[in-house]
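Reviewing the structure listed below.
The values are calculated or read from the model by the stated rules, or taken from the named source; none is laboratory data. What you see is a predicted model, and the numbers here were worked out from it, not measured in a lab. Cβ: placed from backbone, ideal geometry, glycine included. Neighbour counts: every protein chain shown.
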Amino acid sequence: MKQIFDRDYPVTSILLILTSLVFVLMFLSYGFQYSSSEALYHFGAVHGYTIQALPEQFWRVFAAIFIHIGLEHFVVNMLTLYFLGRQIEAIFGSWKFLILY
């Protein structure tokens, strides 16, 4: 079995793990309602003028990249990140890839 954390692509591995953990936490917290507006907002979704209305919640800009609104969305993004992220990280390096992400 291949390792979950690939030392050749550390940023891609960390992003895959973090995003998966957020998805699992959303499911454990809200069950099959994990994609409800309440769940998405609780986990950091940005909607409309959230950042303008609540500038102290600027963290939402970064948290939103880990949130998915359904299983299909999550699976497609994880597959894309796994295959494309590894290529981009190999080309640009870990730090530049992280900044780009």
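For Ala53, are the conditions met, namely being modelled with pLDDT of 80 or more and of a type in the set (Gly, Ala, Ser)?
Here the answer is no, as Ala53 does not meet what is asked.
Any chance the stretch 1-11 includes a residue that's out of contact with any Ser or Thr (no Cβ under 7 Å at 6 or more places or on another chain), in a helix (DSSP H, G or I) and either surrounded by 12 or more Cβ atoms within 10 Å (Cβ to Cβ) or small (Gly, Ala, Ser) (or both)?
no
Is one or more of the residues making up the stretch 57-80 farther than 14 Å from Val22 by Cα, surrounded by 13 or more Cβ atoms within 10 Å (Cβ to Cβ), in contact with a Ser or Thr (Cβ under 7 Å, 6 or more places away or on another chain) and touching a residue at least 40 places away in the same chain (Cβ under 8 Å)?
Looking for residues that are farther than 14 Å from Val22 by Cα, surrounded by 13 or more Cβ atoms within 10 Å (Cβ to Cβ), in contact with a Ser or Thr (Cβ under 7 Å, 6 or more places away or on another chain) and touching a residue at least 40 places away in the same chain (Cβ under 8 Å), one finds none in the stretch 57-80, hence no.
Give the stretch 61-80 a look and list any residue that's of a type outside the set (Val, Ile, Thr) and under 20 Å from Gly44 (Cα atoms), or say none.
Matches in the stretch 61-80: Phe62, Ala63, Ala64, Phe66, His68, Gly70, Leu71, Glu72, His73, Phe74, Asn77, Met78.
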